[in-house]
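To start, the structure under review is shown below, and the notes come after it.
The values are calculated or read from the model by the stated rules, or taken from the named source; none is laboratory data. Worth saying up front: this structure is predicted, and the values here are computed from it rather than measured. We place every Cβ from the backbone using ideal geometry, glycine too, and count neighbours over all the protein chains shown.
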């Protein structure tokens, strides 16, 4: 008889290993004790030292519910539950109930049976609880340690925790939300322009460019609106006043209140913010200035060297669950799947900071990390906790459903002007981002051509080309439907257990 040790408190980014048997009853030889690995995406309930529920960024299959979940040291974290699914979407989030919650519930039920009030819970450090935390698991124990030890390659740098605190929640008029990144100690925040001017990017685009709080209102009690009330900050921002006239030309109404929420452990702070800059060029970038600067600000560390394809990355943002949930930012992991580059001579936004030669400049990063609506404006981190990109969007099927694991980010190299402005405060630096660039516009329009360096008007780039991409996905879906008859024929002729 062997005992399994219980894991300590989990944090976002910690490695997880799940051992389950999807479709195991059909063919145990093929599916019994299958392994899935991932990371802790978030901890619930928010603001508590000991979590009872974990959101996990792990790919699991039907039939794995009830499987044990282990950490990198082969210690038991908890048990896999049924996933949380978004209504009208294929998006799902894996949930893990922690052993601490299971043990407390077991103790409470035991005390009620013997006539003691539930408040008289057994201390989880007692020998009685330690006995309950042990179990007979010879078959699991023979395999889990070696597998869990392999999770060391997924170890998260300590600087990742610091980088997570650089991501903030941004709300606009209590009707929409996104994420933002703290650039300096003065409260300058970078986010996406489509949060402030969604009409410029198209509401019916196959890119996931918008997220409405109203879409979740049917699941949330209307009395929770007071959770969105920010602190009243009286400090005005000179930069925003200086550019107020140009912002009105963008169509931004003054009465649209912008609020920012900072997460410092269990404490959450709301503060008003004002618009400093909205890019008129092809890059989906905007800058906000907090009207009151807390002392606890943690600025992000940029990495201007582009990551290589296949390197590990992390996405941190406020996806799916919005401000009313009270959750901190969520984390997902993946790899860089594709890097799109253009010649430096065709990148006007960087013409003053790079040498004019045949050097290729990265302008788009694609990753396999899950990105959900609301994570726009979040940060793409490398394994050392450095920012390598700004999350902008994820792809959508022709029918409108999102593809979480196909998403796009702006590399830090293309955002070099923003970081220079953050350091120097000279608005002339940002003028480079307002320049039109047909090549860059065609790249971000997902132009379906063998060469992305072709002439296209900025007006039609995001409209027609995006619709062509939507049509491509729709045609592919129709092609899959057309082979259903063949699949049915094969099932009749070739028996299968699945």
| said: Yes or no: the range 102-110 includes at least one residue that is in contact with a strand residue (DSSP E or B) (Cβ under 9 Å, 6 or more places away or on another chain) and closer than 30 Å to residue 397 by Cβ. | reply: no
| field | All positions within the range 281-298 that are under 29 Å from residue 434 (Cβ atoms), surrounded by fewer than 18 Cβ atoms within 10 Å (Cβ to Cβ) and in contact with a helix residue (DSSP H, G or I) (Cβ under 9 Å, 6 or more places away or on another chain) | value | none
| said: If a residue must be free of Cβ contacts under 8 Å to residues at least 60 places away in the same chain and under 27 Å from residue 93 (Cβ atoms), how many such residues does the range 407-429 contain? | reply: 1
| Residue among 371, 316 that alone is part of a loop (DSSP other than H, G, I, E, B), modelled with pLDDT of 90 or more and buried (at least 24 other Cβ atoms within 10 Å of the Cβ) | 371
| Filter pass, residue 393 being within 19 Å of residue 169 (Cα to Cα) and assigned by TED's automatic domain parsing to the domain that holds residue 310 | yes
| note | Counting only residues that are modelled with pLDDT of 65 or more, in a loop (DSSP other than H, G, I, E, B) and surrounded by 16 or more Cβ atoms within 10 Å (Cβ to Cβ), the range 85-128 contains a total of 2
| task | Kindly indicate the residue of the range 388-406 that is crowded, with 24+ Cβ neighbours inside 10 Å and over 10 Å from the mean Cα position of the chain (by Cα) and also farthest from residue 181 (Cα to Cα) among those meeting that condition. | result | 394
| Are there any strands (runs of 3 or more DSSP E) wholly within the range 378-471 with 2 or more residues that are modelled with pLDDT under 90 and within 20 Å of residue 308 (Cα to Cα), and if so which? | none
